[in-house]
Amino acid sequence: MARPQDIRVADLGHDTTAVLNLRTGKWVWMDQDTRRIWEASLSGGSALRTLIDTFVTRGHDRRQAEQAVTDTAGILRSYGLLEKHTRTRSRSWWRTVWQVVSCR
């Protein structure tokens, strides 16, 4: 995946990550769980399902965990940290993937 240069990520320690979207000027401060949701959204496939299962094994209600992951992904999209891309393999087949907009 391409990593555009308009996002800056910094690990601040204490399980905190700061992300700056240079296009919008918005900062996002992520705790460890938010960062894990962000990274799982990037991975696609079963990564989010596996992450939700991890939250459930920690004692969280499955429906609440699913809602929290969905809400968090929506917030990350609103800050420009996840972009929806549609690719086509043929005229009748569409595939949607989420791409994290980030840079080292």
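Just a few scattered comments:
- Among the residues of segment 6-33, those identified as part of a loop (DSSP other than H, G, I, E, B) and either touching a helix residue (DSSP H, G or I) at 6+ places or on another chain (Cβ under 9 Å) or within 29 Å of residue 62 (Cα to Cα) (or both) are 14, 15, 31.
- Qualifying position, being surrounded by fewer than 16 Cβ atoms within 10 Å (Cβ to Cβ), at pLDDT 90 or above and out of contact with any strand residue (DSSP E or B) (no Cβ under 6 Å at 6 or more places or on another chain), among 6, 31, 11: 31
- When residues in segment 34-45 are screened for being outside any helix (DSSP H, G or I) and either surrounded by 11 or more Cβ atoms within 10 Å (Cβ to Cβ) or at pLDDT 90 or above (or both), 1 of them pass.
The values are calculated or read from the model by the stated rules, or taken from the named source; none is laboratory data. Small disclaimer: the values here were computed from a predicted structure and weren't measured. Quick reminder, even Gly has a Cβ in these numbers, built from the backbone with ideal geometry, and neighbours come from all protein chains shown.
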